[in-house]
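Right, one structure below, let's go through it.
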Ligand code: AMO
């Protein structure tokens, strides 16, 4: 009987002939007996005991199939089950210099990422990543949003020129997409509420624990909604994802030592404050920013950054919407709030416990003249946005959407500090390999 370790650890198999395929995760040789910890293809482990005479050439990460009888022994790790082996079939004897061990520098683990992803921690993280994608898709499908895809090779910037990656495209110069938003906006006219999940690219020059140069971007856009509707969509989506992760990924969360009670506090509605209130809180805390190499108190008009966002949510257990940023801090497409001079109808969502921004969104400028002015004001090349302006020329309607960084969401859900750990092959300013 060939099944995975997790299913094998079951009373009903005790005394039966079983087999397991996998890799040698750990090996402990004694004179007569050798204890192998076998890791199966899903990252579960089971101890196998085998005569030492059979194991002379076995090395860490060798792949094999073990045949034997399942027995119970309290001393066996992770559940007290083990296989008393009577024969093995070898697929590959690994070279004996496997570079990943218990204590490694972070750099080596990243250099050898193609092997380091075999660690059980990375397996658990990847399984939760898969669940997050699954439940995102499920929420949108259940709520009648249509999944679309947008091109990644584009002519115009969405989120400002400073983080654009140039790409030589035959005789032309084009960019890697920073966001699918403008294309999603085009699709709401024939599909209504749409969403997509695509990689976005940002030439982020700073090294931080929350920036990648390539990240997975979940984006949604819908016609005729208000900012409040949009915040509700985000609340529902995120609470749905978390509720199901807590229910269905218990093993992984436990392995990662995630405090589930913290996640269970995520419920709608999330907290909300205005941008002005956020600045007031920070001013009361005498929060300083460095501006042209001079440190000064934060003021209205300043952007929020990693540290200020951390302060705003470090003691909260619920996510926090910061609403109504100054237009000058936001890209050209943000709709101006006619009731509040200089402010945009936009909101960022900050994760609790200081994890910082995980989504950004709002209503889009739907008036052609205003949008043309904003494009000119930002010094953008109008011809690259002519197609986008058509959306305002032909049947423009109030609409809005948001973008959520999957890796940012994972940092919070998994309580992981460094965003690189949320993705199997991270891309940063200094790393494009493996
Ligand atoms: P923004 O640029 O704020 O807005 O991005 C949206 C969300 O994407 C994530 N994110 C990142 N994640 C990892 N590494 C990065 N370098 C990175 N940059 C952004 C964050 C962020 O909240 N089009 C707008 C959204 C909209 O209004 O619909 C946009 O892209 O989680």
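The values are calculated or read from the model by the stated rules, or taken from the named source; none is laboratory data. Small disclaimer: the values here were computed from a predicted structure and weren't measured. Methodologically, a virtual Cβ is constructed for each residue, glycine included, from the backbone with ideal geometry; neighbour enumeration extends over all protein chains shown.
Considering only residues in region 170-184 that are more than 9 Å from the ligand (Cβ to nearest atom) and outside any loop (DSSP other than H, G, I, E, B), the one that is farthest from residue 305 (Cα to Cα) turns out to be 172. Applying the criterion of being at pLDDT below 95 and under 30 Å from residue 242 (Cβ atoms) to the residues of region 139-169, the residue that is farthest from the ligand (Cβ to nearest atom) is 163. Tell me, which residue of region 346-374 that is under 29 Å from residue 412 (Cα atoms) and more than 11 Å from the ligand (Cβ to nearest atom) is modelled with the highest pLDDT? Looking at the filtered set, the residue picked out is 352.
Going by the conditions given, is residue 304 out of contact with any strand residue (DSSP E or B) (no Cβ under 6 Å at 6 or more places or on another chain), under 17 Å from residue 360 (Cα atoms) and surrounded by 13 or more Cβ atoms within 10 Å (Cβ to Cβ)?
yes
Do you know which of the residues in region 215-226 that are within 26 Å of residue 430 (Cβ to Cβ) and near the ligand (Cβ under 8 Å from one of its atoms) is surrounded by the fewest Cβ atoms within 10 Å (Cβ to Cβ)? This residue is 215. Residues that are under 30 Å from residue 431 (Cβ atoms) number at least 3 in the following strands (runs of 3 or more DSSP E) confined to region 1-115: 17-29.
Just one of 60, 83 is more than 33 Å from the chain's Cα centre (by Cα) and modelled with pLDDT of 95 or more; which is it?
Only one candidate qualifies: 83.
The lone criterion from (1) at positive phi; (2) surrounded by 14 or more Cβ atoms within 10 Å (Cβ to Cβ); (3) away from the ligand (no atom under 15 Å from the Cβ) left unmet by residue 244 is number (1). Out of curiosity, is residue 389 more than 9 Å from the ligand (Cβ to nearest atom) and either buried (at least 21 other Cβ atoms within 10 Å of the Cβ) or in a helix (DSSP H, G or I) (or both)? So residue 389 fits the description; yes.
Please work out which one of (1) touching a helix residue (DSSP H, G or I) at 6+ places or on another chain (Cβ under 6 Å); (2) within 14 Å of the ligand (Cβ to nearest atom); (3) touching a residue at least 24 places away in the same chain (Cβ under 8 Å) is the condition residue 329 fails and give its number. The single condition residue 329 does not satisfy is (1). If the condition is being surrounded by 12 or more Cβ atoms within 10 Å (Cβ to Cβ), in a strand (DSSP E or B) and free of Cβ contacts under 8 Å to residues at least 40 places away in the same chain, then region 147-169 contributes 154, 167. When region 195-212 is filtered for residues that are within 9 Å of the ligand (Cβ to nearest atom) and exposed (fewer than 15 other Cβ atoms within 10 Å of the Cβ), only 208 remains.
Conditions tested, residue by residue: (1) modelled with pLDDT under 95; (2) within 13 Å of the ligand (Cβ to nearest atom); (3) closer than 16 Å to residue 187 by Cα.
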position: 380; (1), (2), (3): yes, no, no
position: 393; (1), (2), (3): no, no, yes
position: 396; (1), (2), (3): no, no, yes
position: 404; (1), (2), (3): no, yes, no
position: 407; (1), (2), (3): no, yes, no
position: 411; (1), (2), (3): no, yes, no
position: 414; (1), (2), (3): no, no, no
position: 425; (1), (2), (3): no, no, no
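Scanning region 392-406 for residues that are assigned to a helix (DSSP H, G or I) and either surrounded by 13 or more Cβ atoms within 10 Å (Cβ to Cβ) or under 26 Å from the mean Cα position of the chain (by Cα) (or both) gives 392, 406. Taking (1) closer than 25 Å to residue 213 by Cβ; (2) in contact with a strand residue (DSSP E or B) (Cβ under 9 Å, 6 or more places away or on another chain) in turn, residue 77 satisfies each apart from (1). Taking interchain pairs and intrachain pairs at least six residues apart, which have beta carbon atoms under 7 angstrom, with the first residue in region 178-193 and under 19 Å from residue 156 (Cβ atoms) and touching a residue at least 12 places away in the same chain (Cβ under 8 Å) and the second within 14 Å of the ligand (Cβ to nearest atom) and assigned to a helix (DSSP H, G or I)? As it stands, the answer is 178/163; 182/388, since those pairs meet every condition given.
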